[in-house]
Structure formats: structure tokens, C-alpha cells
1. Please verify whether the range B:15-36 includes one or more residues that are outside any strand (DSSP E or B), more than 21 Å from B:GLY316 (Cα to Cα) and in contact with a Pro (Cβ under 8 Å, 6 or more places away or on another chain).
2. With C:GLN116, C:GLN132 as the choices, which residue is more than 19 Å from the chain's Cα centre (by Cα), within 30 Å of C:LEU313 (Cβ to Cβ) and either in the same structural domain as C:LYS311 (by TED's automatic domain parsing) or without any contact (Cβ under 8 Å) to a residue 24 or more places away in the chain (or both)?
3. Going by the structure shown, is B:ALA57 closer than 27 Å to A:ALA58 by Cα, away from chain A (no Cβ under 12 Å) and without any contact (Cβ under 8 Å) to a residue 24 or more places away in the chain?
4. Just the residues that are surrounded by fewer than 22 Cβ atoms within 10 Å (Cβ to Cβ) and hydroxyl-bearing (Ser, Thr, Tyr), please, taken from the range C:70-118.
5. Going by the structure shown, is A:VAL277 closer than 21 Å to A:VAL170 by Cβ and among the β-branched types (Val, Ile, Thr)?
6. With the structure loaded, tell me whether B:VAL296 is within 18 Å of B:LEU52 (Cα to Cα), without any contact (Cβ under 8 Å) to a residue 12 or more places away in the chain, of a type outside the set (Gly, Ala, Ser) and touching a helix residue (DSSP H, G or I) at 6+ places or on another chain (Cβ under 7 Å) or whether it fails that test.
7. Tell me, yes or no, whether the range A:3-22 has at least one residue that is within 13 Å of chain B (Cβ to nearest Cβ) and free of Cβ contacts under 8 Å to residues at least 12 places away in the same chain.
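The values are calculated or read from the model by the stated rules, or taken from the named source; none is laboratory data. Note that the coordinates shown come from a computational prediction; the quantities given were computed from them, not determined experimentally. Cβ placement follows ideal geometry from the backbone for every residue including glycine, while neighbour counts extend to all protein chains displayed.
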Amino acid sequence: MKQFTSVHDVEDLEALVREALVLKQHPYAYESLGKHKTLGLIFLNPSLRTRLSTQKAAQSLGMNVMVMNMGQEGWALETKDGAIMNGTTVEHIKDAAAVMGQYCDVLGLRSFPKLQSVEEDYSEEILKKFIQYANVPFVSLESATRHPLQSLADLVTITEHAPKGRRPKVVLTWGPHVKALPQAVPNSFAEWMCAADVDFVITHPEGYELDPQFTNGATITYNQQEALEGADFIYVKNWSTFQPNYGEVLTQDASWMLTNQHLANTNNAKVMHCLPVRRNVELSDEILDGPNSLVVQEAANREFAAQAVLKRLLEGIK
Amino acid sequence: MKQFTSVHDVEDLEALVREALVLKQHPYAYESLGKHKTLGLIFLNPSLRTRLSTQKAAQSLGMNVMVMNMGQEGWALETKDGAIMNGTTVEHIKDAAAVMGQYCDVLGLRSFPKLQSVEEDYSEEILKKFIQYANVPFVSLESATRHPLQSLADLVTITEHAPKGRRPKVVLTWGPHVKALPQAVPNSFAEWMCAADVDFVITHPEGYELDPQFTNGATITYNQQEALEGADFIYVKNWSTFQPNYGEVLTQDASWMLTNQHLANTNNAKVMHCLPVRRNVELSDEILDGPNSLVVQEAANREFAAQAVLKRLLEGIK
Amino acid sequence: MKQFTSVHDVEDLEALVREALVLKQHPYAYESLGKHKTLGLIFLNPSLRTRLSTQKAAQSLGMNVMVMNMGQEGWALETKDGAIMNGTTVEHIKDAAAVMGQYCDVLGLRSFPKLQSVEEDYSEEILKKFIQYANVPFVSLESATRHPLQSLADLVTITEHAPKGRRPKVVLTWGPHVKALPQAVPNSFAEWMCAADVDFVITHPEGYELDPQFTNGATITYNQQEALEGADFIYVKNWSTFQPNYGEVLTQDASWMLTNQHLANTNNAKVMHCLPVRRNVELSDEILDGPNSLVVQEAANREFAAQAVLKRLLEGIK
């Protein structure tokens, strides 16, 4: 594997999930693989789970890790080609990426969307330029439109807890939030679920339709109650609008917030969320602190998702 | 040992001090103990000595270390149970701690008091919740009311420099400062000195009484000159008021700032301070740069205090 | 070697360059040299290349690395002797350096000039005090007046790409910029080129004369075109004025920005820049993206320059 930016970079989805589950049992089985290899983790935006889980995963593979928080460390990057850099940006992403590619054997980048222009965000210009100029194996730590390490961890978690002998029903439901959030997590989750061996339903208020490129194959409904019927897994996440007006909050309708009552007609559904979660806004305390919540296990699996991906990238180097 | 949050977590104080002194001689004697173990250091507030000394100590034990500066990295934690998180906090401490506990074998947390409500600060709610939800061995990197790694380093330093054949006289004296500071260091120092084999005196201006739960057994006086008589060690520290009005600065009386003149009737007392120190406000240049200062040796011992504690926590894992 | 702050700390310049080039071929040949040794990297100002390359270099030598971003982590240092610290600084550099020297076997410091007082900046007070009080082997990560790790990497790069059988002609040319920048990089580059086996010419607009202590032996001209004739290497860099008015921007004359046209009368000159570079202000896209640019190779050599220096410092410990 040369890069991990979406499900399309994965040749055999089932094998990658299996790999993650094996690494969970034997995290130090490949600690010579990363010897003398350096992972650079570049954050243009804050991170807790992604940073710690990827750092831990790399260390278990014997890699050195260097973390760079560009935002906090005051290093504003220019992204436009041909820019006359007489403003506030101090370095072009071309040059920064090329240099970091010299010091690191594998690079990861986190770059959130600005939620101002759908064309700009959905072009994934920053991600693509960074990969192009860094010119080393690459892992996305969440980009403007996708969060593939999260999605892999989600699929690993679903695989671990799936009912025996039948395809699970997985529901992605929109939840309320006070801020306009990116579509990266739901886009990515939808894309992975459409590629996985599950029955997949998406439910959200009218106006919150995701970009169809990610939801092809999913059943989509505005009726949350109907969607949840018989669900084995409920994935809760807020997102802002994709179209026609990009990055907007249309409603904060609290009835969309999952409570135990919403679980009544499910198949004793397990509830997932990528975290961080706004308690009692996106998701209720009773769910999060109750027996159906998988959020901590899901976060724990971030480590093994990252480790499986880093292992593939390292194997691709030689 | 499962946690290190105060002197009450230490079974045998003398043995722990001895351990630190042995590790100072042989810092790499246990470097296989921490193999495949990860220490997470979570800072809700800035740190220099605590961060570097604990990181160094962990590395000498063969551990991997991951540092997270939550404040600087823009990750505001919610601490109230049942909060409806529609404000500025992005994640509940419950969830953040539970997740970090998945990635780390041992966790440390620094969390300063807000100095607004004595009930809130002295409840140590953040510390307790973090420990409860992280659910892994824990070391306090300074909490609202205590700084036990500092106190252990202080006791190690006193043990190293103590007069032979008799109990040393140790004096904790308040010093002036321009800001309202927490009581964590003096509380903790008092608590450790009351548990150690020393004669312990506390002196401060009227109104600066510490919470009696920490000073039980100490002699307390408003007369600094009297307190310093015959002292072997003088521990200088500013703190703000505990009661009746919490977190206030009542005086900046410069006569309380230790100078060489204050050493006249002491037993050629060694002077200690936890650092950082406001020179010529809390403590004079002539003391800090003179032969009686132990502040650098004391800071150096932070490493071995941390190493002794981490060693105990690691031994408690298996 | 006990410290690396300028070319004057290097006994045999050619041998150090050779060492860097050997390490580039065999970066892990000395990985037991740094075992149980800790490098502390203290940044009072932001850093990308210096931080990552030095961290990587140290890890290849088997060292542990601890990074402290003082600015971002809110730790304002006092530098004046005798200061009454009742203002905003929280710790004196004396105490901070002494403490960090206890935890680290080798220390590095980055400290930019304030560009307000030439006496203050050119006294290198912060650098000197830090070295004095830290009292361990020291590497400058760029100080007020010099950037020696950059200069060593520059000389390594020139050595790699130099014409066979004759001294190369190296030209340092001023380039325009929107901000007032330090003279550290051009000072240091000049000092190293004057000590190396090259023909060295400096060109800049009138009023941008560098401090003569760094340029002794160089040919200096205001005529850029004349300077560039027959050049093998062109080193582009902006700097603000040294005298009579310190730290000023006198011109942003765009004709000084290097384009392909400027290369016409050179010896197909290679173009260098320390990065970060303001594209199309300091240096044109066509140069930076063209075949004559060495900027990425130059940045890559930062790693081996740092490694050669750290190796010498480690060898000096025992």
C-alpha cells in the first residue's frame, strides 16, 4: 500500500480488518518492521484520538514518531499555486511537504475543511498537494471529506460485535449539534459501509443529504424511527449541509438525539460515535453511559486500525 | 501501587525515598520494566520541570511517552456530570479519560485549581473523575490541592542533605508574589513533612492559614524570624489564602522575602523552592545564587522521584 | 566539541563536512553512541526544519529527544540579571537553563532577535546565559545573529554539488520580503563561506550591509548582475538592515527577486535558500520549481549536519 486516504486505497477490505484484529491480539509481533523508520504526523487541526492512537500504533511497530502541530506552532501554509506570498502564510505546502518527505519514511496529515466553499473542500487540494510533494507513503489523519482511519476502526468494531450467521443492519443517523461540522466522518463511514458486507441505512432530516458519491448503495430515509427498526448498530454523528447551501446548520431538533427510547424497536442495537461527542446534545448520557454504547471500544480500535494501515505502508516500502 | 496522588498512597515513605536515591545512582537498572508500556502525560496547564523530569524518568524505565497539552491544543474538557454540552467544551472528561486509558498503561494528569470556589477545587473533582474513568495506574502531575511528585523530590533532597544523627528542622515559609497562586505545593509539602521524620514549622502572615488537613502535627507561627531559628532547611513558597476568602492576595510584604540576613539565626540553612521562582519578589538573587540554595538539586531530584513512582506503578501492573 | 554556536567552534571544517556526508550514507552507524543520552530542544520561536531534522538526527544516534516549545506553552523567560520579576515573565533563564541541564545530556536552543536593539541582539545575551547556566554540551538551533546548523548544511550541499577541480563561485544575494527579518542566516552563511574553500561574493541593495565581523574576506557589491556573473551557487535570502538603523526594511524592490533571467550569465548556477521562502516575493516559482533549485536537497542535508554535530558533542562527553 502506498497511501491510505479512502476505502478505494484498500485492495481487500476483509483482510485489512482481519489484520487489525490479529494486531489487537499481538501488537508487538512486528516491532522490527518499523525499525529505523520515522513517521511524521502533521496536524493542521487539533487531534486527541487520532494523534495518540496513531503514535501508539507506530511505536508498537518500532517506528520513531515526530508530531508537528502546525496551527499551534504558528506555521500557516499557503496552498494556492502561483500565489504571491506577501500576506500571512509563511511557507507553501509544496515546500513544507517536500521537506517533511525528506525526514520521514511515512507521513500523515490532518486537514479539516473550511466549510466555506464546497468546491475547494471537495477538491481535497491540500491533501492531494501534500501527497504529491511529500512523495512518501501517506496516511490520512482526516481530510476535508473523509476520515478513513476512523472508518476502518468502525468496521473493525462492527466486525467484532456483529451477530453470527447473518449480515448486520447498520444505521447511520444524524444527531443535533451547536456548530457546523464537516461531513468527513459520515461520508467516510457511508463509503466504508457501502463496501462492507452489511445492510446499510442512512437517516437524517431533510436537507442533510450527503454527497451521493459516498452513499451509493445505501438506503436513505428522513424517518429516523423507521430507519432504526431492527438495527444491530446505530452510528450517531452530526454533520452540516452539503447542498444546496454548503456547511449550514438547518436544525438542532432535539428529537433526533438518541435516547434509550430510540432503541425500543432495534435489535438491542449497539451505539457508536467517533468522539468527541457533545453529551446531551448529539447523544444522551443514558446511551453513552449505558450497556449499548460501544464508543470506548471503538476509540480503542483506532490504535489497531492505524497499526494495520502503517504495517501495510511499511511493507510497501521495501 | 495503583495511584500516586498524595502521601496517603505511599505505604512506606522511607522505602520510596531510598528507592529514588538508588535510582539516582543507577537510572537504567530497570529499563526492561517499562518495555511495551506507554505513559500518557496530560497537561491541562503549562509545565516545564514536571513534564521533562517525568518524561526522562519514564524513558529511563524503557517506557514510551506521549504528551498531550490540552490547553495549547485547544481541547476544552467538560467536567460536570449531566451537562448539556451546548457551550464551548468539546469533550467530557469521562470520555477523554476513558479513551486515553485505552492507549496508555499509565496516565498522568496536571490540573490546576481555578481559585474561584474552594468547594470545587478542594473536591478534586477533575482528578477523581479522570482516575475513575481512565481506569489505569495513575500519577498526579499536580492537582488542585497537591503536588506529590514535587513533595517526594523535596523529601529526597532533604534526606540527601540532612544533618547526621539528628532530626532536621524544616521550615515552610510563605514568600510574596504578584499573583494569586494555588496552595497545592505548600499543602503537599506540609503533608509530606508531617509524615516524615523531621521537626516541621510553618510560618506565614496572618490570614494565610492552610487547610488543617495538611498541616496536622506542624508548629505554625506568624513570626518568621522565630520560625527560622535553628532551621536546617527553609522551604520558600507563595500561596494565596485558603479561608475565609479563598484565592486572595492579602499582602505582598517584601520583608517576608528571604535574604541572607534571614539566614543569620539558622543552622546555615539550605534554601529550597519548587521553581519557577519570581526572583527578587519571592526569593532574592543573593539566596538563589548563593551557596545555601538547593533549588537546582531539588529540581534534578524530580526525575528520580518520578522514576521511583513510575517503577512502583509498573510493578503494580503485573 | 563542547558547543556548536558558530564556525569558530569547529576545529576542522572540512572534516565536519566529510563526517556529515558519511553519515548521509550510513545514518545508523553510530546508534549506540547516543544510548541513554537525552537531547533537549528548547524553542523560544517556531521551527519546522530545525526541529524535525535535529530530532531525526538524534534518534538515528540512539538518543532520546524532549522538545519544549516555550512560546506556545506559555513559559515567558526573564533574561535580565537582577530583575525584580513582578511583571509577566514567569522564570529566569538562569533557573530554567540550570534545570534543563539536569535532565538533558545535550541541549539546543532557538532564540530569535527582537530586532529592536542591535546591542541587545548582537550581545547574544540569551544564548550565552543559557549555555552558561545549562552547563552541558550545547547546539544552537538559531540564535539572534547566527544559524550554524543551517550554514553547515549549506556547505555540505555546496560540497556535494561543487564543480570538480576548481573553487566554486558562491554568491549570497539579498531578496525582497514583506517583513523585517533577522540577519542570522546571511551572517552565518557569510561567516562559513569566508572560512570555506570558495570564492565568495555578497550582493544587496545599498543600506543592507551586514556586520563586517561576518563578511571579512568576501567581495561585496550593490550590483547584483555583476555579482551573479559566473556563479556556481546563488544563495538567496532576505534580511533587514544592520546599520545605521537596525531591523528596517528599506526597499522591497522586486527586481532583486531571482528569476530564470538572472541565471543567464551564471555558470548554470544552482540556487539555494534556507526555507521557509515567500514564493514570488523572495524567490520566483520558476526558479524554485526548476532544475536549478537545490532547496529541498539543502533542507534534507539539515539532518546530516545536525547528526555530525550531535555526534561530535556526544563524543566530547566521555
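1. No: the range B:15-36 contains no residue that is outside any strand (DSSP E or B), more than 21 Å from B:GLY316 (Cα to Cα) and in contact with a Pro (Cβ under 8 Å, 6 or more places away or on another chain).
2. Residue meeting the stated conditions: C:GLN132.
3. Working: closer than 27 Å to A:ALA58 by Cα: yes; away from chain A (no Cβ under 12 Å): yes; without any contact (Cβ under 8 Å) to a residue 24 or more places away in the chain: no.
No, not satisfied.
4. Correct list: C:THR79, C:THR88, C:THR89, C:SER117.
5. In short, yes.
6. For B:VAL296, the condition - within 18 Å of B:LEU52 (Cα to Cα), without any contact (Cβ under 8 Å) to a residue 12 or more places away in the chain, of a type outside the set (Gly, Ala, Ser) and touching a helix residue (DSSP H, G or I) at 6+ places or on another chain (Cβ under 7 Å) - is met.
7. no
This table checks each residue for (1) surrounded by 19 or more Cβ atoms within 10 Å (Cβ to Cβ); (2) within 12 Å of another protein chain (Cβ to nearest Cβ); (3) at negative phi; (4) not in a loop (DSSP other than H, G, I, E, B).
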| residue | (1), (2), (3), (4) |
| --- | --- |
| C:GLN225 | no, no, yes, yes |
| C:ALA231 | yes, no, yes, no |
| C:VAL236 | yes, no, yes, yes |
| C:SER240 | yes, no, yes, no |
| C:ASN265 | no, no, yes, no |
| C:PRO276 | yes, yes, yes, no |
| C:ILE287 | yes, no, yes, yes |
| C:ASN301 | yes, yes, yes, yes |
